[in-house]
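First up is the structure itself, then whatever we jot down about it.
Every read-out reported here was derived from the displayed coordinates using simple, explicitly stated rules and does not represent laboratory data. Just so it is clear, the structure is predicted and the values come from calculations on it, not from any experiment. Note: ideal-geometry Cβ built from the backbone for every residue, glycine included; neighbour counts use all protein chains shown.
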Amino acid sequence: MHAGLTCAITNPLVPEVRKSVQASDLLLGHDEYAMRWISAFRADQKKAVAAP
């Protein structure tokens, strides 16, 4: 992404892909105040607690 990748063909339903894109956005400064990263993390935590 840093070198210019703008449109990768991926499956956004795969959690690892989604987390990688969110992490890249965070590290590249595209996620102001890390709000998307934090909200996704909190949603994953809620799912983990509700799963058992």
Could you grab the pairs with beta carbons closer than 8 Å, sequence gap of 6+ or different chains, first residue in the stretch 6-23 and within 20 Å of residue 47 (Cα to Cα), second one part of a loop (DSSP other than H, G, I, E, B) and of a type in the set (D, E, K, R)? 22/31
I need the full set of residues from the chain which are surrounded by fewer than 10 Cβ atoms within 10 Å (Cβ to Cβ), hydrophobic (A, V, I, L, M, F, W, C) and either in contact with a strand residue (DSSP E or B) (Cβ under 6 Å, 6 or more places away or on another chain) or outside any loop (DSSP other than H, G, I, E, B) (or both), in order please. 48, 49, 50
